[in-house]
Amino acid sequence: MATSDRIRALIEDNEIVLFMKGVPEAPQCGFSAGVVKVFDAIGRSYVGINVLDDPFLREGIKEFSEWPTLPQVYVRGEFIGGCDIVRDMYASGELQALFAGESA
């Protein structure tokens, strides 16, 4: 399966996908840790994908999203952004509004 097909399947099959360095239980960069803290704070379950385990995925996600940095967050198949965008959305309440009226 092509890397882009793997990425597409992950973001279509899961409500929230976090492409990150490390895993949610042990992020390996501060930016990834920041996104994990946000999703933990709002109580949403998500899938964390460790891009350090697969160099093709690590580069492929950057091409797929046309976004040069990690982490990267997708919600319901839509690219949201990286750490700063997720933190800003959380601070403004915009991120929580995406899930208003739903249970985690």
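Brief remarks follow.
- Among the residues listed as 18, 10, the single one being assigned to a helix (DSSP H, G or I) and touching a residue at least 24 places away in the same chain (Cβ under 8 Å): 10
- In the set (1) in contact (Cβ under 8 Å) with a residue 12 or more places away in the chain; (2) over 23 Å from residue 4 (Cα atoms); (3) in a helix (DSSP H, G or I), residue 88 fails one condition alone, (1).
- Residue pairs meeting the criteria (Cβ under 8 Å; at least 6 apart or on separate chains; first in contact (Cβ under 8 Å) with a residue 60 or more places away in the chain, in segment 60-76; second charged (D, E, K, R)): 64/8; 75/15; 76/15
- Condition met for residue 18 (of a type in the set (A, V, I, L, M) and either surrounded by fewer than 17 Cβ atoms within 10 Å (Cβ to Cβ) or out of contact with any helix residue (DSSP H, G or I) (no Cβ under 8 Å at 6 or more places or on another chain) (or both)): no
Here's the yes/no breakdown for (1) more than 11 Å from the chain's Cα centre (by Cα); (2) within 20 Å of residue 100 (Cα to Cα); (3) outside any helix (DSSP H, G or I):
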{"position": "37", "(1), (2), (3)": "yes, yes, no"}
{"position": "40", "(1), (2), (3)": "yes, yes, no"}
{"position": "48", "(1), (2), (3)": "no, no, yes"}
{"position": "56", "(1), (2), (3)": "yes, no, no"}
{"position": "62", "(1), (2), (3)": "yes, no, no"}
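- The residues of segment 23-35 that are farther than 18 Å from residue 89 by Cβ and touching a helix residue (DSSP H, G or I) at 6+ places or on another chain (Cβ under 6 Å), listed by number, are 24, 27.
- Cross-chain or 6+ apart pairs with Cβ under 7 Å, segment 39-56 first and under 17 Å from residue 88 (Cα atoms), then part of a loop (DSSP other than H, G, I, E, B) and modelled with pLDDT of 95 or more: 39/46
Yes/no per residue for (1) among the polar types (S, T, N, Q); (2) modelled with pLDDT of 95 or more:
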site: 12; (1), (2): no, yes
site: 20; (1), (2): no, yes
site: 23; (1), (2): no, yes
site: 29; (1), (2): no, yes
site: 37; (1), (2): no, yes
site: 43; (1), (2): no, no
site: 50; (1), (2): yes, yes
site: 65; (1), (2): yes, yes
site: 102; (1), (2): no, no
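Residue-wise test of (1) β-branched (Val, Ile, Thr); (2) in contact with an Asp or Glu (Cβ under 9 Å, 6 or more places away or on another chain); (3) loosely packed, with under 12 Cβ neighbours inside 10 Å.
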| site | (1), (2), (3) |
| --- | --- |
| 26 | no, no, yes |
| 38 | yes, no, no |
| 44 | no, yes, no |
| 89 | no, no, no |
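- Among the residues of segment 21-35, those that are part of a helix (DSSP H, G or I) and more than 20 Å from residue 99 (Cβ to Cβ) comprise 30, 31, 32, 33.
The values are calculated or read from the model by the stated rules, or taken from the named source; none is laboratory data. Since we're looking at a predicted model, the values are computed, not measured. When we count neighbours, we look across all protein chains shown, and the Cβ atoms used for this are built from the backbone with ideal geometry, even at glycine.
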